[in-house]
1. Any residue at all in the range 207-228 that's open to solvent by 20 Å² or more (accessible area, probe 1.4 Å) and within 30 Å of Asp129 (Cβ to Cβ)?
2. Of these, Lys37, Lys57, which one is basic (Lys, Arg) and touching a Leu at 6+ places or on another chain (Cβ under 9 Å)?
3. Kindly provide the set of residues from the range 8-24 that are of a type in the set (A, V, I, L, M) and touching a strand residue (DSSP E or B) at 6+ places or on another chain (Cβ under 9 Å), ordered by number.
4. With respect to Ala70, is the statement that it is in a loop (DSSP other than H, G, I, E, B) and under 12 Å from Met21 (Cα atoms) true?
5. Here is a check on your reading of the model: is Ser193 over 25 Å from Ala74 (Cβ atoms) and either in a strand (DSSP E or B) or modelled with pLDDT of 95 or more (or both)?
6. Just give me the residues in the range 196-206 being surrounded by fewer than 18 Cβ atoms within 10 Å (Cβ to Cβ) and either touching a strand residue (DSSP E or B) at 6+ places or on another chain (Cβ under 6 Å) or at pLDDT below 95 (or both), in sequence order.
7. Name the single residue, out of those in the range 115-162 being among the charged types (D, E, K, R) and at pLDDT below 95, that is least open to solvent (accessible area, probe 1.4 Å).
8. For the range 121-177, name all the residues that are over 17 Å from the mean Cα position of the chain (by Cα), under 21 Å from Asp50 (Cβ atoms) and not β-branched (Val, Ile, Thr).
Amino acid sequence: KQWYQRRVRGDAVTDHIYKLMEENHKLERIRVPIGVKSSKLASFVFASFDFLQSKKKKLVLINGSGAVKAGQWARSIIINDNLYPGSMLPYLTWAENNNFDALVLNTNESGSRFQGSADPFEHAQTVWDNFLSSIPEKCVYIVAHSFGGVVVQKLIQNNSNFEDIVSKIAFTDSVHMGRLGSETTPSINWVTSSKPVNTRLGGGGASSKRSAGCRDHPWTSHFAMDSIFSWFMEDNIDLVEDNNVSESISMEKADIAETSEEQMGLTEPSTQTEPMSQTKLEATAEPSSQCELETQTELMSQSEPETQTELMSQSEPGTQTE
């Protein structure tokens, strides 16, 4: 009975997050490989509209292993604490506010019956072939949690153009072992640690380790989030601090407890959840690669009242049972 209840609640979480990604973040559910007609034969991912034709930079999110599905970092957090820190939704909000397209992999929606997604590695390779292999140079930014790091390591080993396409890789307590395989693509693994978030913990060359600011593996994607965003923006356009970014994320967090309890029957968020600090991005600069970001004028227009209302309306409640 307990197993059945956990399964039902887990399915409710998955369906709810899928709905939020599609309705609030306007992502499309796309079967992979592209062109497969039967949903019974194909896995799927979530991608921004016109992902392949758009010249925006790309944020690629890869979860860990286990029961988590697309859009989830830690199911245990979502069910026992709060939708916001356990999901990828705040990452999607950041992508929208900084003119990145988003691609959310679904590595655990795999199995022998799925064409091109027999296991997480084949799923990721199929997604690479269908969505990322033709992206302009240095336009892809990856965030991978836990076993997702092993999936990225495999992609590096199997694709000679990986270093040309991927600009940076942010791991959150990745469990990959040995050399990553890339000598030029910068990567940081934000790992569990009692030290303040973003404290350097070692590593060398293109790969390094930093503190995620927490000692619990499932929470690392949440606590390292601001540091990841800041790092990604270092070689992109710097924005005048835009209250829309922090306001839209704060509105998500503020409304989560009510929505989670009412729509999904989840417990109220823990009072121990630390509020996310505002991602501070300051003005200037042109993009450093072939990707064409929106102009600063267009970015600044996001703070107009009409768009601000739209952002606030997207506030939502917020994977892996680890």
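The values are calculated or read from the model by the stated rules, or taken from the named source; none is laboratory data. The structure displayed is predicted, hence computed values, not measured ones. For neighbour counting, all protein chains shown are included, and Cβ atoms are generated from backbone atoms with ideal geometry for every residue, glycine included. Keep in mind that these areas ignore ligands, DNA and RNA; they rest on the heavy atoms of the full protein, side chains included. Shrake-Rupley method; radii C 1.70, N 1.55, O 1.52, S 1.80 Å.
1. yes
2. Matching residue, one of Lys37, Lys57: Lys57.
3. Those that are of a type in the set (A, V, I, L, M) and touching a strand residue (DSSP E or B) at 6+ places or on another chain (Cβ under 9 Å): Val13, Ile17, Leu20, Met21.
4. yes
5. Against the criterion (over 25 Å from Ala74 (Cβ atoms) and either in a strand (DSSP E or B) or modelled with pLDDT of 95 or more (or both)), Ser193 does not qualify.
6. Those that are surrounded by fewer than 18 Cβ atoms within 10 Å (Cβ to Cβ) and either touching a strand residue (DSSP E or B) at 6+ places or on another chain (Cβ under 6 Å) or at pLDDT below 95 (or both): Thr199, Arg200, Leu201, Gly202, Gly203, Gly204, Gly205, Ala206.
7. Restricting to residues being among the charged types (D, E, K, R) and at pLDDT below 95, the top hit is Lys138.
8. Within the range 121-177, Asp129, Asn130, Ser133, Ser134, Pro136, Glu137, Lys138 qualify.
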